[in-house]
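Okay, structure first, notes after.
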């Protein structure tokens, strides 16, 4: 009887621990109208954002558990991205939530009134979001980060 109770307690503890892990779908929070946001926003050049390398992926996801954007130093940005990171004068690096699907396509980012839209479009109709945090050079900390994943058939 004691052994069954111990096993039940351990299983419950494991379940509680797993439930706190972030899930990609929890990061989705697109604006009410993606197309309207894009029409009014400035597109961020591809030279201003960088994918987090796979060896730092879990660390980045963990840092983004509570916040959708985290300010970084240039050294930390380089640590997440690697030697390809390039600072941009007048901007600061931020680690931001981003997703991708289907291993095709690309990210497109838009900035409007201090809000950031991180969009990933890919080929195919079955979209299963996966984590893909980015380091983005921005003029200020984003008030809100919207994450959108879309696709074309």
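The values are calculated or read from the model by the stated rules, or taken from the named source; none is laboratory data. These numbers were taken from a predicted model, which means no experiment stands behind them. As a convention, Cβ positions derive from the backbone with ideal geometry for all residues, glycine included, and neighbour counts pool all protein chains shown.
Kindly indicate whether residue 48 is surrounded by fewer than 16 Cβ atoms within 10 Å (Cβ to Cβ) and either more than 14 Å from the chain's Cα centre (by Cα) or closer than 18 Å to residue 24 by Cβ (or both).
Criteria not met by residue 48.
Within segment 69-81, track down each residue that is surrounded by 14 or more Cβ atoms within 10 Å (Cβ to Cβ) and assigned to a loop (DSSP other than H, G, I, E, B).
Result: 72, single match.
Does residue 133 meet the test of being at pLDDT 95 or above, crowded, with 18+ Cβ neighbours inside 10 Å and within 24 Å of residue 90 (Cα to Cα)?
yes
Among the residues that make up segment 72-81, is at least one of them within 13 Å of residue 27 (Cβ to Cβ) and touching a helix residue (DSSP H, G or I) at 6+ places or on another chain (Cβ under 6 Å)?
Pass one, segment 72-81, residues within 13 Å of residue 27 (Cβ to Cβ): none.
Within segment 72-81, not a single residue is within 13 Å of residue 27 (Cβ to Cβ) and touching a helix residue (DSSP H, G or I) at 6+ places or on another chain (Cβ under 6 Å).
Condition first: exposed (fewer than 11 other Cβ atoms within 10 Å of the Cβ), on the phi > 0 side of the Ramachandran plot, at pLDDT 95 or above and assigned to a loop (DSSP other than H, G, I, E, B). Can you find one or more residues in segment 88-97 that meet it?
Scanning segment 88-97 turns up at least one residue that is exposed (fewer than 11 other Cβ atoms within 10 Å of the Cβ), on the phi > 0 side of the Ramachandran plot, at pLDDT 95 or above and assigned to a loop (DSSP other than H, G, I, E, B).
If a residue has to be within 13 Å of residue 150 (Cα to Cα) and in contact (Cβ under 8 Å) with a residue 24 or more places away in the chain to count, how many in segment 79-105 make the cut?
Our first condition is that a residue be within 13 Å of residue 150 (Cα to Cα); within segment 79-105, this holds for 98-105.
Checking which are in contact (Cβ under 8 Å) with a residue 24 or more places away in the chain leaves us with 98-102, 105.
Looking only at that region, the number is 6.
Of all residues in segment 116-130 being outside any strand (DSSP E or B) and surrounded by 14 or more Cβ atoms within 10 Å (Cβ to Cβ), which is farthest from the chain's Cα centre (by Cα)?
124
Just a yes or no: is a residue in segment 100-115 surrounded by 20 or more Cβ atoms within 10 Å (Cβ to Cβ) and not in a strand (DSSP E or B)?
So far as segment 100-115 goes, yes, one or more of its residues are surrounded by 20 or more Cβ atoms within 10 Å (Cβ to Cβ) and not in a strand (DSSP E or B).
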